[in-house]
1. Step by step: first the residues of segment 1-25, then only those that are without any contact (Cβ under 8 Å) to a residue 24 or more places away in the chain and under 10 Å from the mean Cα position of the chain (by Cα), then the one that is nearest to residue 64 (Cα to Cα). Which residue is that?
2. Every residue in segment 37-64 that is of a type in the set (Val, Ile, Thr) and exposed (fewer than 14 other Cβ atoms within 10 Å of the Cβ), please.
3. Considering each residue of segment 1-36, count those that are of a type in the set (A, V, I, L, M), in contact with a helix residue (DSSP H, G or I) (Cβ under 8 Å, 6 or more places away or on another chain) and surrounded by 13 or more Cβ atoms within 10 Å (Cβ to Cβ), and give that number.
4. What pairs come up if the first residue lies in segment 26-53 and is over 22 Å from residue 9 (Cα atoms), the second is β-branched (Val, Ile, Thr) and in a loop (DSSP other than H, G, I, E, B), and their beta carbons are under 8 Å apart, counting only those six or more places apart or on different chains?
Amino acid sequence: MEIRIGIANTGRELNFETSESAADVKASVAAALDAGATHVSFADNKGNTYIVPTAGLAYIEVGTEESRRVGFVA
């Protein structure tokens, strides 16, 4: 699934693919915000880890878990 994270006062967004489910991503973000954590971390499909400060979060867009279609679709 694709995750897009907007960071306050930054012109670009963080965009990556992860194998985590949408529910897991939402739960980890909600838990970090509820606990008052200073950061939240994510891992992508390639093994990279992203640590994002919670104070700088502008938005988090969680994509769908639908697999991409191959071929011609009418």
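What follows is calculated from the coordinates using simple rules that are stated; it is not laboratory data. All figures in this text were calculated on a predicted structure; none of them were measured in a lab. Backbone-built Cβ (ideal geometry, glycine too); neighbour counts: all protein chains shown.
1. It comes out as 20.
2. 38, 49, 51, 64
3. Of the residues in that region, 4 qualify.
4. 43/18; 44/18; 45/18
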